[in-house]
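Some notes on the structure that comes next.
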Amino acid sequence: MKFSKKKGEVKAEIVVNGAKKFEEYGFEGKEGEILVLPEKKRVYVGIEEINAENLKTATANIIKALKKYKFESVEITPPNTENEDLLIAFFEGFLLGDYEFDKYKSTKAKHPIKEICINSKRNFDKIIKEAKIRAKNINFVRDIINSMPDEITPAKLTAIAEEIAKENNLECKIYDENYLYENGYHAFYSVGKASANPPRLIHLAYKPKNAKRKIVLVGKGLCYDSGGLSLKPADYMVTMKSDKSGAVTVLGIIKAASELGLDVEIHAILGAAENMIGGNAYKPDDVLKAKNGKTIEVRNTDAEGRLVLADCLCYAEENIKDFDKIFDFATLTGACVVGLGEYTAGIMGFNKEQINEILKTSEKTGEHFAYLPFNKYLPKLLKSNVADICNIASSRYGGALTAGLFLSEFVENKEKWTHFDIAGPAYVEKEWGYNPFGASGFGVDSILTYLKSL
Ligand code: BES
Ligand code: ZN
Ligand code: ZN
């Protein structure tokens, strides 16, 4: 698919809140309505108001509608605005809406839309270039998350990261299971112990000259989460290939940031492991010592992400000097999905200003984040009788917060830290907005916009 200034086969139009109506077709120009008139060669999509999310969804819907009718090109006028975020969203939507995961299908999806014809005298080259890099990387993240667990093992994720490092001139360090064991990353090591596919800690760094800031991104990379000995019920285990979403997201962000040439130093730390069962699996009742010396009583092996991340956070703080911020991304808790629904990520931390910056940024990209505030009553829920801390809370309520609070025990620079629980939006088994069934690539867009703003 390419963008041009030619004439297109079909004309598409985004209708804002009933500005255009076709009563004979029952089209009122309202949010979510799509009208295709193949004989007249017209497509109309309705949105409630102009914002980034609606524009991405509108252009994604145009692509989906045209694919159905096998048109090859479409002509459209971009919104009349100077707002760069809105224009990026407008162009991105076409490419995000074009995404189909057909890797394992014998009959591959056809891609008849060859050309998006931009009906405007303005020069959008810079905007289109950025929109393409963003969409390409979001689709790359979707592809890896959607790929089956037998394919994307920790070793495979390592190989993918190494390849990206080579192509984009990133520094790349890989640590294997022996390194993790010998160097005291026993929380991380133990989670991966029972798998035939051993764990890896992956550290990529993008170091542009004259970088203004240094940002660390840590990602939960559970290539599979069976729950371990605290085995998940069958219905809950399905989709757990998506438990690597945090790690893949930070991989997509660092790759896109380097392609965009952002002037921020970025470190991506991926904790890749499989949480499996077996004779050597870690057990409820085990006590594990993390890299920072804290001991953890395991009472549920399905609360494994926080164990992997605990050591990854310790690794980051020990090995990366003088960073400005440290963010972690994880499909950490079902509780976050129960609380906020499937379309919203939870964000937690002690720095309210930093959290507000993220919330403000997300409006520019149309992704949904909600702040979940810690309070002074929560820490005692993680108390253990046999170790420094327990890996699950004693209360069945507020699981997203207690998981986030657990992580904070492994962060020294608490004011620099923000935790993103993306368990809901990272992977949804139905289409929503401009997102397909399955992996969404959630977070990549917002964090790129945030990094750009630094
Ligand atoms: N990977 C899961 C969380 C999850 C659930 C992600 C649903 C995406 C969709 C995580 O490792 C987990 O199993 N968490 C447990 C924690 C509990 C044992 C304290 C959970 O949420 O039930
Ligand atoms: Zn789990
Ligand atoms: Zn998990």
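The values are calculated or read from the model by the stated rules, or taken from the named source; none is laboratory data. Bear in mind the structure is a predicted one, so any value in this text is a computation, not a measurement. Please note: Cβ atoms are built from the backbone with ideal geometry, for glycine as well, and neighbour counts cover all protein chains shown. To get the accessible areas, we keep the full protein, side chains included, count just its heavy atoms, and leave off ligands, DNA and RNA. Shrake-Rupley method; radii C 1.70, N 1.55, O 1.52, S 1.80 Å.
Among residues of the range 293-320 that are at positive phi, those with a beta-carbon under 9 Å from a residue that is assigned to a loop (DSSP other than H, G, I, E, B) and more than 16 Å from ligand 2 (Cβ to nearest atom) at least six positions away or on a different chain give the pairs 293/184; 293/388.
Select from the range 204-225 the residues that are part of a loop (DSSP other than H, G, I, E, B) and in contact with an Asp or Glu (Cβ under 8 Å, 6 or more places away or on another chain) and list them in ascending order. Across the range 204-225, the qualifying residues are 207, 208, 210, 211, 212, 213. For residue 197, state whether it is open to solvent by 50 Å² or more (accessible area, probe 1.4 Å), touching a Ser or Thr at 6+ places or on another chain (Cβ under 9 Å), in the same structural domain as residue 297 (by TED's automatic domain parsing) and closer than 30 Å to residue 436 by Cβ. Judged against the criteria, residue 197 is a match.
Of the residues screened, residue 168 is not one that is in contact (Cβ under 8 Å) with a residue 12 or more places away in the chain, open to solvent by 10 Å² or more (accessible area, probe 1.4 Å) and out of contact with any helix residue (DSSP H, G or I) (no Cβ under 6 Å at 6 or more places or on another chain).
Picking from 189, 236, which residue would you name as being at pLDDT 95 or above, in a helix (DSSP H, G or I) and either within 15 Å of ligand 2 (Cβ to nearest atom) or among the polar types (S, T, N, Q) (or both)?
Working: 189 fails: either within 15 Å of ligand 2 (Cβ to nearest atom) or among the polar types (S, T, N, Q) (or both).
That would be 236, the only listed residue that is at pLDDT 95 or above, in a helix (DSSP H, G or I) and either within 15 Å of ligand 2 (Cβ to nearest atom) or among the polar types (S, T, N, Q) (or both).
Applying the set (1) surrounded by fewer than 23 Cβ atoms within 10 Å (Cβ to Cβ); (2) more than 30 Å from residue 259 (Cβ to Cβ); (3) more than 16 Å from ligand 1 (Cβ to nearest atom) to residue 234 leaves exactly one unmet item: (3). Highlighted here are the helices (runs of 4 or more DSSP H) found entirely within the range 350-454 that include at least 2 residues which are within 26 Å of residue 259 (Cα to Cα): 352-365, 444-453.
Among the strands (runs of 3 or more DSSP E) contained in the range 21-88, which hold 3 or more residues that are basic (Lys, Arg), surrounded by 19 or more Cβ atoms within 10 Å (Cβ to Cβ) and not assigned by TED's automatic domain parsing to the domain that holds residue 437? Walk me through how you get there before you give the answer.
On the way: elements: 34-37, 42-47, 73-76.
In the range 21-88, no matching strands (runs of 3 or more DSSP E) lie anywhere.
The one condition from (1) part of a loop (DSSP other than H, G, I, E, B); (2) open to solvent by 20 Å² or more (accessible area, probe 1.4 Å) that residue 241 does not meet is (1). If you go through the range 312-329 and keep only what is touching a Leu at 6+ places or on another chain (Cβ under 9 Å) and among the aromatic types (Phe, Trp, Tyr), you end up with 315, 327, 329. Mind checking which residues of the range 273-309 are under 23 Å from residue 448 (Cα atoms) and touching a Cys at 6+ places or on another chain (Cβ under 6 Å)? Answer for the range 273-309, where residues must be under 23 Å from residue 448 (Cα atoms) and touching a Cys at 6+ places or on another chain (Cβ under 6 Å): there is none.
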